[in-house]
Every structure is written in C-alpha cells, then in structure tokens.
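Okay, so here's the structure we're looking at.
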Amino acid sequence: VDLVHDEADAGRKVACPTLALWGRESFVGQNYDVLAVWRDHAVTVTGKALPSNHYVPEEAPTETVAALRGFLGS
C-alpha cells in the first residue's frame, strides 16, 4: 500500500518545516547525502547526523533532544 500512496503523492513535497536526524555510523549516514535526499521530498529541510548507529534516540538521547528542542524552538 505504501507504493500506492507514493504514486498518489508523486511530485508533491512536504510543505511544513522538516527535521531529518540520522546516525552518523549507520548505513544511511555513511552512504547517503540525507539532506539532499530529503530536499527532493520536502520544501524546507534541516538536520544532521548524530553520534549513533541505527537507533538514534536510544543511542544519542541527549543529542536527539537538543536537536528537537532547537527545531521546535523551545
């Protein structure tokens, strides 16, 4: 069903500000330009790699909270 939803949204971008967080040591962090990928799908994207692998909030909780607070403005 995800492919059907993706097809229905083809060419549309997320309009609200988007925060992307990923693990610096993860497959994604080592093999993709995450912000570039997300810019294909969202109008305004910010984010960064955090010192973790796949489980970002569990492996870097302090950094995750700091990034969320900065993004949400609190």
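Rounded to the nearest 10 degrees, what's the angle between the helix 61-72 long axis and the longest principal axis of the chain, both from Cα atoms, 0 to 90? The answer is roughly 50 degrees.
Across the stretch 54-74, the residues whose backbone nitrogen lies under 12 Å from the label position 7 Å along the beta-carbon direction of VAL28 are 54-57.
Within 15 Å, Cβ to Cβ, of ALA10, how many net charges do the neighbouring residues add up to if Lys/Arg are +1 and Asp/Glu are -1?
Around ALA10, the charge tally is -3.
For the chain, the longest piece that avoids every one of the chymotrypsin sites (Phe, Trp or Tyr not before Pro) found in DSSP loops with at most 16 other C-beta atoms within 10 Å covers 1-31.
The charge dipole of the stretch 1-41, taken about its Cα centre with unit charges on the Cβ atoms of Lys, Arg (+1), Asp and Glu (-1) only, comes to about 220 debye. Binning the alpha carbon pair distances of the chain at 10 angstrom intervals from zero yields the distribution 19, 40, 33, 7, expressed in whole percent.
Excluding ligands, DNA and RNA, the accessible surface per residue across the chain is 75 Å² with a 1.4 Å probe. With all protein chains in place and a 1.4 Å probe, the accessible surface of the chain carries 57 percent carbon and sulfur.
The values are calculated or read from the model by the stated rules, or taken from the named source; none is laboratory data. Just so it is clear, the structure is predicted and the values come from calculations on it, not from any experiment. Here the Cβ is made from the backbone with ideal geometry for all residues, glycine too, and neighbour counts use every protein chain on show. The accessibility values were calculated without ligands, DNA or RNA, using every heavy atom of the protein model including side chains. Shrake-Rupley method; radii C 1.70, N 1.55, O 1.52, S 1.80 Å.
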